[in-house]
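**Q** The following block contains the structure, expressed as structure tokens.
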Amino acid sequence: MSATQGPGVDAISGEGEGGGDANTSTAGVCVVAAAAPHVLPSSINEIWESPAINKFEKIVNGKLKKMSNCAHCPDDPQGNRPADFGHHNATKLLAHVTCTPGQGIRPCSGSIPPEYRRLYRDLHTRKINRKENKQGAKEQMEIEIEGHQVSYTKTLFDC
Ligand SMILES: [Zn+2]
């Protein structure tokens, strides 16, 4: 009787990798908004496509009035919603959420989530470009606008 069957399956995994894994490329671009109340489109062509911007009609003094509002706007100190806008002016609403001055509308005082800001800035930039094309491409002007536009979009969202 020779029972020399030793199950010597000692799997000692000796992983001795002394590699310097310096893979710390943290490009913080991917911001996942977990608490987004609405499904956001990846891009919008009209400000009304934003789930936070609403347009509707209301009967005021027997007349149908065009109204709009912005869900980013915070409640006033009394806990009421701010007054609706009495128009369907997409340019103004875009100016509102991008805090663009000189458009005859107050800037949004709410804290607009970054994913919304991206949408609005993208739409705003495309609108500016469209306007420039309409103006008939004057070379001198384009250069001027280009330089202007950079600093302009940068300061847009400081509100
Ligand atoms: Zn607002």
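**Q** Looking at LYS65 and the list (1) more than 11 Å from the ligand (Cβ to nearest atom); (2) in contact (Cβ under 8 Å) with a residue 24 or more places away in the chain, which single condition is not satisfied?
**A** (2)
**Q** Between a first residue in the range 94-106 that is closer than 15 Å to ILE128 by Cα and of a type in the set (Val, Ile, Thr) and a second residue that is at pLDDT below 95 and more than 9 Å from the ligand (Cβ to nearest atom), which pairs have beta carbons less than 6 Å apart while being 6 or more apart in sequence or on different chains?
**A** Going by the 6 Å Cβ cut-off, the qualifying pairs are THR98/LEU156.
**Q** Could I ask something else about it? Working only within the range 88-109, note down all residues that are crowded, with 17+ Cβ neighbours inside 10 Å and within 12 Å of the ligand (Cβ to nearest atom).
**A** Residues satisfying the conditions are LYS92, LEU93, LEU94, ALA95, HIS96, VAL97, THR98, CYS99, ILE105, CYS108.
**Q** Just the residues that are modelled with pLDDT of 95 or more and outside any strand (DSSP E or B), please, taken from the range 62-81.
**A** GLY62, ALA71, HIS72, CYS73, PRO74, ASP75, GLN78, GLY79, ASN80, ARG81, listed by residue number.
The values are calculated or read from the model by the stated rules, or taken from the named source; none is laboratory data. Predicted model only: the values in this text are computed from it and were never measured. Cβ coordinates were reconstructed from backbone atoms using ideal geometry, including for glycine residues, and neighbour counts include every protein chain displayed.
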